[in-house]
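The values are calculated or read from the model by the stated rules, or taken from the named source; none is laboratory data. Keep in mind the model is a prediction, meaning the values are calculated, not measured. Cβ coordinates were reconstructed from backbone atoms using ideal geometry, including for glycine residues, and neighbour counts include every protein chain displayed.
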Amino acid sequence: MPTVSVRALRGPTVRRLLALRREGKLTTGRVRSAADVLGVRERAVWRWLAAAERDDAAALAPGERAAYPGRFTVTDEVRALLALWEGNVAAVHRELTARAARGEGAPPPSIPTLHRAIRRDLTPGERAGLAGGERAARKHDVFLARPRGWRNQAWETDHMQAPVLVDVDGKARRPWITWFTDCATNAITGVAVTPVHPSRESVLAALRSAVLRDEPYGPFGGLPEKVRVDRGKDFLSRTVTAAFDLLDVTVEDLPAYTPHLKGTVEGLNRAVESMLLAALPGYARQPRPGKRFSRSKDEVLLGFEDFTARLLDWTRWWNTEHRPAPLRGRTPFQAWQDDPTPLRDVPAADLWTFTLEDAGIRTLTTRGVRFRRRDYVGAWMTGQARIRVRIRFMPHHDHRIEVYHAATGQYLGPADLADQATEEQVSAVRRARAARARRLKKDLEASQRQRYAAAIRAEPPRQLGALTGAQADAELAQSADVGLSQLALPDVVPPAAPPADWRTPASLAALTTPTRSAPCPSGRDSTATAPDSPDGRAARPTTKEDGDAS
């Protein structure tokens, strides 16, 4: 019989023998048989009986050390020191000894006694929490399982940074995976991969692939009743929440630091790493020789397209061939097909409209639609100038916008960016920006670098780096000039008066210095200035640049 089970039988056995003694039926044979079953000597059982007759509490846990007035117990002070020293009992013992030497408390017990008291008075979760924090303590908690419902009753969504280095435009990056999973069937309904940090655009792309059931997304999909998210700003952004509201989907915002409340998608994050990502080249958590982590120079990384293709293949394998334990021998596809719950579908065109971000109302001019200081044009705009339109766009996809009639809401058509730069130009600009950022970062680090002398005894820190007096004066003068230029007020000194032959409105002439007159520019035609408008402001000069864009 296991030792733990035998120890659990001590209390009931001693209480039964004690009852037999009180009835006058206790014999030596019964005590000897009990000792054989419990795996102890006969005299130990007699000793337990004697202790139980003196104190009823001893019959609850025979053989255990009973509490006595002088026994050391874990106090609040010891708990605080355990948290301070991250569970290091030896360090806590040294601290208690030092405090006792200063007269700040009683001397501590021995280290083995301190260990026994901590194991006795603190639960495993408390010990782990004092050593590693709340996340470590959570590993010792007991969690309930939600009852398995029906398909599309509840989805869970999450971002996951893949621990795999992928070649993205010549740079090694760790892509992010955004997916939706159905809690009833463990099916992955939608997935999207982003080369860099995800955004609300990643969530909307994954949502479209999750809801649509046409090829190549089906057969999983439809609208869920609710979606559980973990307070991520991308999932709770205005665009995403508006899309969920229009689709009649309830968003369940879970409390912070509660991954156990969305265990389906968290389990999927762990499964994809152990089943797929760990075997890919560029796996970041792979054990490597040597003390320092370093990637092999001859290691060939997967391209972003190859990585996405392998992830999608694994997703299809998970949905159609893998048999998770909660499904009891069925695949997610079989569980989905066996569920008779009707599905709510949305046309692809309507779903695309629901997942666009609203940018307000604009006026369609002869230049097209002005959005973010850039012009967007489309072939359908011919003859449509001066109408009011509403702009909707996919976040971060600034090469195209969708245009709707502001009054009727009718879809008019797409509009592309006018005078869009070529791929070569965009690449050149990005390289120039990266070089400038590296240069500025290097200059900033050099300006903020401060060296101190090494100390071999206790002394104040001594700064290093000598400057000549001329260098100090030059830097101070330069910083003073910059400060004055930032504080300058352009209206403090009035501008000089224009030449007498210029037609200057009275409102502008009053702001100039009458004693000074600027010379008339030579070789340049002066622009006629219109008289003041009725409200006293100067009218805008008329030039050849005004008028139609044609």
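Test GLU357 against the stated conditions and say whether it is among the charged types (D, E, K, R) and out of contact with any helix residue (DSSP H, G or I) (no Cβ under 6 Å at 6 or more places or on another chain).
No.
This table checks each residue for (1) closer than 25 Å to VAL196 by Cβ; (2) in contact with a Lys or Arg (Cβ under 9 Å, 6 or more places away or on another chain); (3) at pLDDT 85 or above.
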{"residue": "MET381", "(1), (2), (3)": "no, no, yes"}
{"residue": "VAL389", "(1), (2), (3)": "no, yes, yes"}
{"residue": "ILE401", "(1), (2), (3)": "yes, yes, yes"}
{"residue": "THR408", "(1), (2), (3)": "no, no, yes"}
{"residue": "ALA415", "(1), (2), (3)": "no, yes, yes"}
{"residue": "THR422", "(1), (2), (3)": "yes, no, no"}
{"residue": "ALA435", "(1), (2), (3)": "yes, no, yes"}
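Of the residues GLN471, GLN448, which single one is more than 30 Å from THR239 (Cα to Cα), surrounded by 10 or more Cβ atoms within 10 Å (Cβ to Cβ) and of a type in the set (S, T, N, Q)?
GLN471
Looking at the stretch 317-346 only, could you name the residues that are under 21 Å from MET275 (Cα atoms) and touching a strand residue (DSSP E or B) at 6+ places or on another chain (Cβ under 9 Å)?
TRP318, ASN319, PRO332
Being free of Cβ contacts under 8 Å to residues at least 40 places away in the same chain and either part of a helix (DSSP H, G or I) or on the phi > 0 side of the Ramachandran plot (or both) narrows it down to one of GLU64, GLU86, GLU53, so name that one.
GLU53
Report every pair of residues separated by at least 6 positions or lying on different chains whose Cβ atoms are under 6 Å apart, first residue within the stretch 348-363 and among the aromatic types (Phe, Trp, Tyr), second assigned to a helix (DSSP H, G or I).
Every condition considered, the pairs that remain are PHE354/ALA243; PHE354/LEU246.
In the stretch 139-242, which strands (runs of 3 or more DSSP E) lie fully inside it and hold 2 or more residues that are under 18 Å from the mean Cα position of the chain (by Cα)?
Those strands (runs of 3 or more DSSP E) span 155-161, 176-182, 188-194, 226-229.
With GLU42, GLU104, GLU23 as the choices, which residue is more than 19 Å from ILE118 (Cβ to Cβ), among the acidic types (Asp, Glu) and assigned by TED's automatic domain parsing to the domain that holds THR123?
Checking each option against the conditions leaves just GLU104.
Mind listing whichever residues of the stretch 253-274 are of a type outside the set (Gly, Ala, Ser) and touching a residue at least 40 places away in the same chain (Cβ under 8 Å)?
Hits for the stretch 253-274 are TYR257, HIS260, LYS262, THR264, VAL265, GLU266, LEU268, ASN269, VAL272, GLU273.
If a residue must be outside any loop (DSSP other than H, G, I, E, B) and either of a type in the set (Phe, Trp, Tyr) or more than 31 Å from the chain's Cα centre (by Cα) (or both), how many such residues does the stretch 314-337 contain?
Of the residues in that region, 8 qualify.
Residue check, ARG400 against (1) in contact with a Pro (Cβ under 8 Å, 6 or more places away or on another chain); (2) of a type in the set (D, E, K, R); (3) assigned by TED's automatic domain parsing to the domain that holds CYS183, all met but one. Which one?
(3)
Has the stretch 69-78 got at least one residue that is crowded, with 17+ Cβ neighbours inside 10 Å and either in a helix (DSSP H, G or I) or touching a strand residue (DSSP E or B) at 6+ places or on another chain (Cβ under 9 Å) (or both)?
Checking the stretch 69-78: at least one residue is crowded, with 17+ Cβ neighbours inside 10 Å and either in a helix (DSSP H, G or I) or touching a strand residue (DSSP E or B) at 6+ places or on another chain (Cβ under 9 Å) (or both).
Exactly one condition in (1) among the aliphatic types (A, V, I, L, M); (2) surrounded by fewer than 16 Cβ atoms within 10 Å (Cβ to Cβ); (3) closer than 30 Å to ARG16 by Cβ is false for LEU49; which is it?
(2)
Mind checking whether some residue in the stretch 100-113 is of a type in the set (Ser, Thr, Tyr), surrounded by 12 or more Cβ atoms within 10 Å (Cβ to Cβ), at pLDDT 90 or above and under 26 Å from GLU64 (Cβ atoms)?
yes
From the list PRO198, PRO163, PRO147, PRO216, exactly one residue is over 30 Å from ARG330 (Cα atoms) and either surrounded by 15 or more Cβ atoms within 10 Å (Cβ to Cβ) or outside the structural domain of HIS397 (by TED's automatic domain parsing) (or both). Which is it?
PRO198
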